[in-house]
Structures are given as structure tokens and as C-alpha cells.
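J.: Below is one structure. I have some questions about it.
Every number here is computed from the coordinates shown, using simple stated rules; none is lab data. Worth saying up front: this structure is predicted, and the values here are computed from it rather than measured. Quick reminder, even Gly has a Cβ in these numbers, built from the backbone with ideal geometry, and neighbours come from all protein chains shown.
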Amino acid sequence: MSPDWVRWFFEPLQFAFMQRSLVVAIMVGIICSVVGSYLMVQRLALLGDAISHSVLPGLAIAFLLGGNIFIGAFIAGIISTVMIGWIHTRSPIKEDAAMGIVFSAFFALGITLITTIQKDNKIDLNHFLFGNILGVTVGDMRDTAIITALVLVAVALLYKELLFYSFDPLGAQASGLPVGWLNAGLMVLISLTVVASMKVVGVILVLSLLIAPGATAYLLVPRLHQVMVLGAVIGVGSSISGLYLSYYLNLPSGPAIVLVVSGLFALAFLFSPRHGVLTRAGLWRWPWRAGA
């Protein structure tokens, strides 16, 4: 007779929708952590938030035209980044202010379009805002797999260049690296990752999945490639755990995933061997450091 935990683990997997959801959760957990590591290093978390909110108009327009909503969302994300750069370079407006202006305008336009569409079509706005991983289709799984492959291949090919650019943009420019193209490429990767994450956590909560796994890993390991690997493990584990919580406790999938990854960050923030608040205050000591 199988142990209870084995039955607990495999029971949801008898359903095809749970199998598809699990595959997508794993892929999104990986690419969000990898791309989010660059966002965290460059202190561009607000940019990830801006792009995630800016994809809504493209999604709505693609739905109206009967096109692929992934493609529409991606185009809107790219347009928003171009507009942010254009406002920042052609005016005295700072980049963070430009981000706030653009993502607010795009998000408001997207909400307006989707609300208008809802009058004639039976679509649920909450699925776009907060995710609905349990509603993943075979087509969604295929599109997510394509995006995951593109993102991981690009990061593998440009790892050293993006690493140099992320930590020292001026040095990268002085050494002759095409920093403009690297920045544009990073924006494309962020947009692709946001689009892939829409079904999992929605456009509102995607920033947490982009930043929290990498931030948690950053408190535990020192190097970027280690942050990426450990962050991917944390992202995948959080996505799977949130998915199971959603299934067994009847919780919304996106918020459940975000709560798990936020909880892991809180633990690392408090108990990290090097950076933990309680560890540094002397209120917690790890066993292997007892004799230190």
C-alpha cells in the first residue's frame, strides 16, 4: 500500500489539466528566475513591473482580432519599453517616472479594452490579472515551451556579455560591447518572460515571480550563475507548491504561488547564514557555525 504522501503527490496528476499546469509551472519558474536575476542586479525591478502591466492592451487587441494573445502581449511589451526609453532620452523626465507614466497608461488602456470586450464575450478579467494556471491549454503549453527555449538559449549565448553589462555598463561600453543591443535584448527577454508568465500568476503578480526567487538566492549564494541556478530551483519549487496548494485548498493559483515564494524569501531574509537579520543580530546561529 502506497504511503499517504505518494498518493497526495500523484492524485492531482491523474487529471490532464494538472499535468499541463505542472509542466508550465516548471518552465515559468525557471525562466522567471534566470531573467529576474538580471533585473535584480541592475535594480530594474520597476521595469519588470512596467512591462508586465503594459502587455494588457496588446493582449486585448489580439483577442479582438482573433490572433495569438501571446504575440499581441509581446508586441505591447516591446512598444512600452521603446516609449519609456524615448521619453527618458528626449526629455528631462527620469527613467523611473517614465516607467510609471507608461505602465499606468498602458494598464488603464488594457483594462478599458478588456472591460469593453467583456460586454460581448464571456472572458474573465481576473484570469489575465491574477493568472489561471489550471486553465492552461495544449496551445499555451506549446507557446510557453517555445518562449522558454528562446530565453534560455539567448541567456546561454550572451551570458558573459550580459554579466559584464549588468555589473558595469560604462565598462562594457568602453570595452566595445554593443550595450545598446544588449539592453534591447534584455528588454526582449523580459517581455517574453512576462508573456510566458501570464497564465501562471497574471500580469499583476508576475513581478514577484521575476524578483523573489533571485532575491532569495542572492541572500544565500554569492555569484550570479549560482543565483540563477538556485533561483530557478526556488522558482520551480514555489510554482509546484503553489499549484498543489491551489488544488487541495481551492485557492487561486497565482496568489498561492506568490505566497509560497514570498514565504521562502522571508525565511532567507531572517535566517540566511551570511545576510539573515536574525543571524547577524546574534538571535539565530546555524549548527555548523556553533563553534565559530
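J.: For a quick check: sort Thr137, Thr216 by the number of other beta carbons within 10 angstrom, fewest at the front. Kindly include the intermediate steps, with their values, before the conclusion.
T.: Numbers: Thr137 12, Thr216 26.
Ranked by crowding around the Cβ, least crowded first: Thr137, Thr216.
J.: Expected output is a single nm value to one decimal: the length gained when fully extending between Ile71 and Arg43, i.e. 0.36 nm times separation in residues minus the C-alpha distance. What is it? Spell out each step's value before the answer.
T.: Working: separation 28, 0.36 × 28 = 10.08 nm, distance 2.71 nm.
Stretched fully, the Ile71-Arg43 segment lengthens by 7.4 nm.
J.: Roughly speaking, what is the stretch gain from Ala281 to Leu158, that is 0.36 nm per residue apart minus the C-alpha to C-alpha distance, in nm to one decimal? Could the numbers behind the result be given before it?
T.: Numbers: separation 123, 0.36 × 123 = 44.28 nm, distance 3.98 nm.
Contour length minus the Cα-Cα distance gives 40.3 nm.
J.: Could you sort 174-186, 93-105, 53-65 so that the peptide with the highest average Cβ count within 10 Å comes first and the rest follow in order? Could you put the intermediate results ahead of the total?
T.: Values: 174-186: 14.5, 93-105: 17.0, 53-65: 23.2.
Sorting 174-186, 93-105, 53-65 by mean packing, highest first, produces 53-65, 93-105, 174-186.
J.: Oh, and also: Quick one: what are the phi-derived ³J(HN,Hα) couplings along the range 86-97, Karplus 6.51/-1.76/1.60 with θ = phi - 60°, whole Hz, x for glycine and proline?
T.: Running phi through 6.51 cos²θ - 1.76 cosθ + 1.60 with θ = phi - 60° gives 5, 5, 5, 7, 9, 8, x, 5, 6, 5, 5, 5 Hz.
J.: Another question about this same structure. Within the range 137-162, what residues put their amide N at less than 18 Å from the label point 7 Å along the Cα-to-Cβ vector of His225?
T.: Under 18 Å, as judged by backbone N against the label point of His225, lie 152-162 of the range 137-162.
J.: Would you work out the relative contact order for the chain, in percent, from Cα pairs under 8 angstrom that are 6 or more residues apart?
T.: On the way: 427 pairs, mean separation 79.4, N = 292.
With pairs under 8 Å counted, the relative contact order is 27 percent.
J.: Taking the highest mean first, how do the peptides 10-17, 230-237 order by number of other beta carbon atoms within 10 angstrom per residue?
T.: The most tightly packed comes first, giving 230-237, 10-17.
J.: Where Lys and Arg each count +1 and Asp and Glu each count -1, what net charge lies around Gly36 among other residues with Cβ under 13 Å from its Cβ?
T.: On the way: positive: Arg43; negative: Asp49.
Taking every other residue near Gly36 into account, the sum is 0.
J.: Let me ask another. Pairs of Cα atoms under 8 Å, at least six residues apart: use those to get the relative contact order of the range 145-199, whole percent. Display every interim value, and only then the final one.
T.: Numbers: 21 pairs, mean separation 23.9, N = 55.
In percent, rounded to a whole number, it is 43.
J.: Continuing with this model, one more query. If you add up the charges near Leu47, with Lys and Arg at +1 and Asp and Glu at -1, over every other residue whose beta carbon is less than 10 angstrom from its beta carbon, what do you get?
T.: Details: positive: Arg43; negative: Asp49, Glu95, Asp96.
So the environment of Leu47 carries a net charge of -2.
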